[in-house]
Amino acid sequence: MAKNKLHYDITAKDRSKQAMRSVQGGLRATNKAANLLKTAIGGIAVGLAVRSLARFTNDAIKAADSIAKTADKVGVGVVALQQLRFAADLAGVGQEKLDSSLERFTKRIGEASQGTGEAKKALELLGVSFANADGKIRPTEAVLSAVADAMASVESPAQRAALAAQLFGREGVGLVNLLKGGSATLREFGAQAE
């Protein structure tokens, strides 16, 4: 019997290397894109943080400037104004009411020094002097402390309210609760504010 021999030549082309290279290239591109995205997000976060810090700093500068201008306008120091605002908040008086009341009070002290105005009689009734021994007008803070001490001894709520209205204006009646404890209470509030 004859043996038939069959011979086959099989050739194959390995295309898996090319596919693998393509996958690796795609992964490298994805990795680069992820790194770029991470860098961009980090940059955005830093940018937002810097922007927020700049806005906060700007707002703080505006607030400090506003407090300084108001303190100058009402005739008290910046620290004293901040302490009074804190005390006013605790007494249920808003900052705007306090500021406008202090502005009227300072104006009325000036009028009293000229022998006129609503505060002249109220200061006399309370026994509070608006002038030093040398005749110069006392600082508003000093007169306010003396008024607070004098108001603490006024027993009638109606009389306290009337005196407050004469000294601070209609809105100043709200300051009665702030002043009725005297200057010691104002100092305690000031210490709490710090």
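For the residue pairs 73/97; 69/136; 69/107; 97/136, the alpha carbons lie more than 20 Å apart in 69/136; 97/136. Sequence-distant contacts, meaning Cα pairs under 8 Å at least 6 residues apart, place the relative contact order of region 126-194 at 31 percent.
Surface composition of the chain: carbon and sulfur atoms hold 56% of the protein heavy-atom accessible area at a 1.4 Å probe.
In this view, the solvent-accessible surface of residue 149, computed with a 1.4 Å probe and all protein chains in place, comes to about 80 Å². Solvent-accessible surface of region 109-194, taken per residue with a 1.4 Å probe and all protein chains present: 52 Å².
Cα centroids of region 170-187 and region 64-124: 12 Å apart.
Where only DSSP H runs of four or more residues are counted, the chain gives -24500 deg cm²/dmol as its mean residue ellipticity at 222 nm, each run worth -39500 (n - 2.57). In this rough spin-label picture, where each label sits 7 Å from Cα along the Cβ direction, the residue 66-residue 36 distance is 4.5 nm. Rounded, prolate or oblate: which fits region 106-194 when a ≥ b ≥ c are the square roots of the eigenvalues of the alpha-carbon gyration tensor, with rounded for a/c under 1.5 and prolate only if a/b beats b/c? Judged from the Cα gyration tensor, region 106-194 comes out oblate (a/c at least 1.5, b/c at or above a/b). For residue 44, the solvent-accessible surface with a 1.4 Å probe is about 100 Å², rounded to the nearest 10. Of all the options 21, 160, 55, the one that moves most in a Gaussian network model of the chain with Cα springs shorter than 10 angstrom is 21.
Using a 10 angstrom cutoff on alpha carbons, build the Gaussian network for the chain and name the most mobile of 167, 144, 37. Of 167, 144, 37, the most mobile in the Gaussian network model is 37. Taking 93, 50, 78 as the candidate residues, the one with maximal mean-square fluctuation in a Gaussian network model of the chain, Cα springs under 10 Å, is 50.
The values are calculated or read from the model by the stated rules, or taken from the named source; none is laboratory data. If you're wondering where the values come from, they're calculated on a predicted model, not measured in any experiment. In this analysis, Cβ positions are derived from the backbone assuming ideal geometry, glycine residues included, and neighbour counts consider all displayed protein chains. When the accessible area is computed, the model is the full protein with side chains, heavy atoms only, and any ligands, DNA or RNA have been set aside. Shrake-Rupley method; radii C 1.70, N 1.55, O 1.52, S 1.80 Å.
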